[in-house]
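Report on the following structure.
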Amino acid sequence: MSASPQTIKHLQSLKQQLNHHNYRYYVLDDPQVPDSEYDRLLRELQALEQQYPQLITPDSPTQRVGAAPLEAFAQVQHEVPMLSLENAFDEAELRDFNRRISERLIAADALKEDQPIEYGCEPKLDGIAVSLLYRDGLLQRGATRGDGTTGEDITQNVRTIHSIPLRLLGSGYPPVLEVRGEIYLPKAGFEAMNRAAREREEKVFVNPRNAAAGSLRQLDSRLTAARPLEMCAYGVGWFDGGGLPDTHTGVLRALQQWGLLINAEMTTAVGVDACIEFYRQLAARREALPYDIDGIVFKVNSLSLQQQLGYVARAPRWAVAYKFPAQEESTTLLDVEFQVGRTGAVTPVARLEPVFVGGATVANATLHNRDEIERLGLRLGDTVIVRRAGDVIPKVVAVVPGKRPKNAAAIVFPERCPVCGSPVETLEDEAVARCTGGLICEAQRKEAIKHFASRKAMDIEGLGDKLVEQLVDQKLVSSVADLYRLTHAQLAGLERMGAKSADNLLAALETSKATSLPHFLFALGIREVGEATARNLANYFGSLEKIAAASEEQLLEVDDVGPVVAHFITEFFCQPYNTEAVAALRGAGVSWPDIEVAERPPAPLAGLTFVLTGTLAIMSRSEAKALLQQLGAKVAGTVSAKTHHLVAGEKAGSKLTKAQELGVDIMDEAAMIDLLKQHGAL
Ligand code: IVH
């Protein structure tokens, strides 16, 4: 069927609108219409194109979904070779670069003595270099860098990337324009991809760069289309006809006008000091940026000066990449040790051949848990990639394939605690394996004492981790209360302690005795009771006796306390070892003032017992249970004469019948929600 002129016009207008909105969204990050409006226009275009397939053009926004898989990528010869960059690894090397090119330009009379050079500054994105060829504004070819001269044709794949215009916007672009840039995966997209892979129990990617490379290398571009890739333009390879601005940053701004994404951090700096300042500022923000960068590229901004400077073998003389310290390095896994934490968690720790990474020497890295060792497929002696980013603790992210020594031993997770020999158990829904020794376990005891002494707990100045280890190893202390029985003679005899430090520590112990209820409660090290929860508990109940005597239902009334925490608290105060420790601390003189608690009206549902049955539509039964408990109600599992209300959802069975027999009040989910709302729980 042939389309009327109006239809053709409407179709063109839809394409134009969609391309414009696409640009606002993906390039300028400043959408003008809600997503729903974009989707509506796209659906309208799709419907029209289905009706008139002859009107589908390659630049239609509907043509970004990927095409039939290729057998192999075709080869592409780059008209202008794709070069690499010279690196600078410290300030001196950057100054050296600036001095060399200044001298060269001065000698050529292109720069005056003492005249600083203006540089264009951009982050060096950690992705895959790409070349995009536009003819008369239409995207004709996308290619990888390959060896710099010959790359691979990835046109189908680049067409799926929304920040790459299928047709250039506006006007004034050269009839032939080859744009160069970097394709990368923003951190959030990478995490979403790995989350999805984990859910499907597939292999996860090591880092955004590998994930971007893998996504681009797909012969089936429909797979590429499903990956949230972006492309940032950083230059022009060659152009034919027309003209371009005469500075590098001017060219990038023109590219932005024509619909390409350029980096938002791009700026200019006059002189090398300003470049160093920009490097420092961006280095400080590196972790917070939404994508990985591995340095800053400084390029002489004037294109005529660039031309004067020319090229060395494989890199331009007019640009340099000032690299950040690498965040990933490879090294050898020497051994795996198992550490036992305060709550008994058994954590495997990798002992590594020391390696300089992320600005520090790393010899240990966490392996988190048993699943992680399995996921990495780790064996002793493997070459591994270690990542240390910012202040994050170093982590083994991958095994380097093909470098495994012969007969590399498997890593055996211990079935018994390496410290106390108690069985190690893993609860069903937990990834963490725990030593079941509790405070029999010396490791757990040491950690409990370190926690007790720490600044946000009892704040015992001078009682650091090393000292606690010595005290426990030498059997001078086996519980927290023992700390207050230490004598001057015992302390002065320890390694690295003299009479003076012993005096100081005894004084600090004395001072720590006068504490507050939140500090003391936190110091006890009850599982999941952090500082904030300790404070909330203290303010709600006012005294330790009341907290120790509280039922799980009463504990649930406190902000921040859910069923799991409530259970840990009651469990803690049930154990004689713990109540004895509290009594011993008090006996030793540890004290705190009670907190005055305002008279509180009884909880609105206190004294009432509910039973939940059937399927609820709005919330899960466990959510409903937690909310009812928050209002003071008891929630029981079976209906009896003591039940006050039965909440019956869909498909309620025997409990409903029983409640009817016993004459228990029956409410539906809506009535329960009204009740929760009425008392402010919702
Ligand atoms: S300019 C002739 N600018 O770094 C100039 N490169 O070692 C060549 N890269 O493979 C590139 N961000 O893909 C330039 N803002 C940026 C860059 C950048 C990342 C990559 C580029 C190239 C490598 C050079």
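The values are calculated or read from the model by the stated rules, or taken from the named source; none is laboratory data. These numbers were taken from a predicted model, which means no experiment stands behind them. Backbone-built Cβ (ideal geometry, glycine too); neighbour counts: all protein chains shown. Surface areas here come from the heavy atoms of the whole protein model, side chains and all, with no ligands, DNA or RNA. Shrake-Rupley method; radii C 1.70, N 1.55, O 1.52, S 1.80 Å.
So which of ARG195, ARG227 ends up being open to solvent by 20 Å² or more (accessible area, probe 1.4 Å), in a loop (DSSP other than H, G, I, E, B) and more than 13 Å from the ligand (Cβ to nearest atom)? Even if it seems obvious, please write down each step before you answer.
On the way: ARG195 fails: in a loop (DSSP other than H, G, I, E, B).
None of the other options fit; the residue is ARG227.
Kindly indicate whether VAL312 is modelled with pLDDT of 95 or more and within 29 Å of VAL176 (Cβ to Cβ). Taking the combined requirement at face value, the residue does not satisfy it. Screening the stretch 426-452 for residues that are of a type in the set (A, V, I, L, M, F, W, C) and free of Cβ contacts under 8 Å to residues at least 60 places away in the same chain and picking the one that is nearest to PRO414 (Cα to Cα) gives LEU427.
Summed over the stretch 250-299, the residues that are among the hydroxyl-bearing types (Ser, Thr, Tyr), farther than 23 Å from VAL179 by Cα and in contact with a Leu (Cβ under 7 Å, 6 or more places away or on another chain) give a count of 0. Each residue in the stretch 248-264 was checked for being open to solvent by 40 Å² or more (accessible area, probe 1.4 Å) and either under 22 Å from ILE101 (Cα atoms) or part of a loop (DSSP other than H, G, I, E, B) (or both), and 1 pass.
Restricting the first member to the stretch 315-340 and to residues that are touching a residue at least 40 places away in the same chain (Cβ under 8 Å) and of a type in the set (Val, Ile, Thr), and the second to residues that are within 16 Å of the ligand (Cβ to nearest atom) and open to solvent by less than 40 Å² (accessible area, probe 1.4 Å), the beta-carbon pairs closer than 6 Å and six or more apart or on different chains are VAL320/ALA88; VAL320/PHE97; VAL320/PHE298.
Of all residues in the stretch 303-335, those satisfying the criterion of being more than 16 Å from the ligand (Cβ to nearest atom) and either among the hydroxyl-bearing types (Ser, Thr, Tyr) or open to solvent by less than 40 Å² (accessible area, probe 1.4 Å) (or both) are SER304, SER330, THR331, THR332, LEU333. Among the residues of the stretch 34-86, those identified as open to solvent by less than 80 Å² (accessible area, probe 1.4 Å) and within 16 Å of the ligand (Cβ to nearest atom) are VAL76, HIS78, VAL80, PRO81, MET82, LEU83, SER84, LEU85, GLU86.
Considering only the stretch 102-112, state which residues are assigned to a loop (DSSP other than H, G, I, E, B) and surrounded by fewer than 19 Cβ atoms within 10 Å (Cβ to Cβ). The answer is ALA108, ASP109, ALA110, LYS112. In this structure, TYR279 does not qualify as outside any helix (DSSP H, G or I) and either in contact with a strand residue (DSSP E or B) (Cβ under 6 Å, 6 or more places away or on another chain) or open to solvent by less than 50 Å² (accessible area, probe 1.4 Å) (or both).
Take the residues of the stretch 394-409 that are out of contact with any strand residue (DSSP E or B) (no Cβ under 6 Å at 6 or more places or on another chain) and either more than 25 Å from GLU202 (Cα to Cα) or touching a residue at least 24 places away in the same chain (Cβ under 8 Å) (or both): which is surrounded by the most Cβ atoms within 10 Å (Cβ to Cβ)? The residue in question is ARG404.
When the residues of the stretch 170-180 are filtered to those that are closer than 26 Å to GLY146 by Cβ and in a loop (DSSP other than H, G, I, E, B), the one that is nearest to the ligand (Cβ to nearest atom) is PRO174.
When each of CYS417, CYS441 is tested for being open to solvent by less than 30 Å² (accessible area, probe 1.4 Å), touching a Phe, Trp or Tyr at 6+ places or on another chain (Cβ under 9 Å) and of a type in the set (A, V, I, L, M, F, W, C), the lone residue that passes is CYS417. Would it be correct to say that ILE666 is open to solvent by 20 Å² or more (accessible area, probe 1.4 Å), part of a loop (DSSP other than H, G, I, E, B), modelled with pLDDT of 90 or more and touching a helix residue (DSSP H, G or I) at 6+ places or on another chain (Cβ under 7 Å)? For ILE666, the condition - open to solvent by 20 Å² or more (accessible area, probe 1.4 Å), part of a loop (DSSP other than H, G, I, E, B), modelled with pLDDT of 90 or more and touching a helix residue (DSSP H, G or I) at 6+ places or on another chain (Cβ under 7 Å) - is not met.
Do we find that GLU557 is surrounded by 15 or more Cβ atoms within 10 Å (Cβ to Cβ), under 29 Å from SER622 (Cα atoms), at pLDDT below 95 and in contact with a strand residue (DSSP E or B) (Cβ under 7 Å, 6 or more places away or on another chain) in this structure? Please lay out each step first, then the result.
Working: surrounded by 15 or more Cβ atoms within 10 Å (Cβ to Cβ): yes; under 29 Å from SER622 (Cα atoms): yes; at pLDDT below 95: yes; in contact with a strand residue (DSSP E or B) (Cβ under 7 Å, 6 or more places away or on another chain): no.
For GLU557, the condition - surrounded by 15 or more Cβ atoms within 10 Å (Cβ to Cβ), under 29 Å from SER622 (Cα atoms), at pLDDT below 95 and in contact with a strand residue (DSSP E or B) (Cβ under 7 Å, 6 or more places away or on another chain) - is not met.
Restricting attention to the stretch 491-517, the residues that are farther than 17 Å from ILE449 by Cα and either open to solvent by less than 40 Å² (accessible area, probe 1.4 Å) or part of a strand (DSSP E or B) (or both) add up to 8. When we screen GLN140, GLN115 for residues that are part of a strand (DSSP E or B), without any contact (Cβ under 8 Å) to a residue 24 or more places away in the chain, over 33 Å from the mean Cα position of the chain (by Cα) and surrounded by 13 or more Cβ atoms within 10 Å (Cβ to Cβ), the only hit is GLN140. In the stretch 613-635 there is no residue matching the filter, namely being at pLDDT 95 or above and surrounded by fewer than 14 Cβ atoms within 10 Å (Cβ to Cβ). Out of curiosity, is ARG200 in contact (Cβ under 8 Å) with a residue 12 or more places away in the chain and of a type outside the set (A, V, I, L, M, F, W, C)? In short, no. Which residues, taken from the stretch 287-302, are within 15 Å of the ligand (Cβ to nearest atom) and under 28 Å from the mean Cα position of the chain (by Cα)? Scanning the stretch 287-302 gives LEU289, TYR291, ASP292, ILE293, ASP294, GLY295, ILE296, VAL297.
Taken as a whole, the condition of being more than 12 Å from the ligand (Cβ to nearest atom), within 23 Å of the chain's Cα centre (by Cα) and not in a strand (DSSP E or B) applies to ALA284. Across the stretch 126-137, the number of residues qualifying as under 30 Å from ALA326 (Cα atoms) and either more than 30 Å from the chain's Cα centre (by Cα) or away from the ligand (no atom under 14 Å from the Cβ) (or both) comes to 2. Residues that are of a type in the set (S, T, N, Q) and either part of a loop (DSSP other than H, G, I, E, B) or within 14 Å of the ligand (Cβ to nearest atom) (or both) within the stretch 143-169 comprise THR144, THR149, THR160, SER163, listed in sequence order.
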